[in-house]
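Read the structure below first, then the notes.
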């Protein structure tokens, strides 16, 4: 697999072979794109924050929905990495890959592993997506394999299908 540079990402956006809804060029990195916080939901208090700042208590589990709506073509996958600035504050999260052909907002599950509250501003960059080209086309895309979260909007914890 080959990782796309910022120039490659811009070229794909221009050609239409990749789409990032709510794209902001300032979120490009040399080898990826930083997705931003649109919503924070804290199940323990059933609190959803969509404006301002979400204050996540120490030890609390929470979820984040991204502003960006990503549309992956069948020849690209995404690898998701939490920004280290959040890890330094005690935020832990498990990330993986975005399948070829996926369309939707992203939902992240995270934990404030510190004992102190952590403020998460809406609109702040939270994770980086690194785009990788597949060596060959898949036999079936995400939508054709399972598509459980295809087209998701906002925080989505249960499969849509």
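Before we move on, is residue 58 over 29 Å from residue 5 (Cβ atoms), at pLDDT 95 or above, touching a strand residue (DSSP E or B) at 6+ places or on another chain (Cβ under 8 Å) and assigned to a loop (DSSP other than H, G, I, E, B)? Yes. Among the candidates 77, 37, 53, the residue that is farther than 21 Å from residue 150 by Cβ and surrounded by 18 or more Cβ atoms within 10 Å (Cβ to Cβ) is uniquely 37.
Within segment 99-130, being under 15 Å from residue 88 (Cβ atoms), free of Cβ contacts under 8 Å to residues at least 60 places away in the same chain and buried (at least 18 other Cβ atoms within 10 Å of the Cβ) holds for 110, 112.
Contact map, segment 147-158: first residue on the phi > 0 side of the Ramachandran plot and in contact (Cβ under 8 Å) with a residue 12 or more places away in the chain, second residue surrounded by 13 or more Cβ atoms within 10 Å (Cβ to Cβ) and part of a loop (DSSP other than H, G, I, E, B), Cβ cut-off under 9 Å, separation 6 or more or different chains; pairs are 147/101; 147/102; 147/141; 154/105. Scanning segment 18-55 for residues that are touching a helix residue (DSSP H, G or I) at 6+ places or on another chain (Cβ under 6 Å) and part of a strand (DSSP E or B) turns up 28, 33, 34.
The values are calculated or read from the model by the stated rules, or taken from the named source; none is laboratory data. Quick caveat: nothing in here was measured; it's all calculated off a predicted structure. Here Cβ is always computed from backbone atoms with ideal geometry, including for glycine, and neighbour counts include all displayed protein chains.
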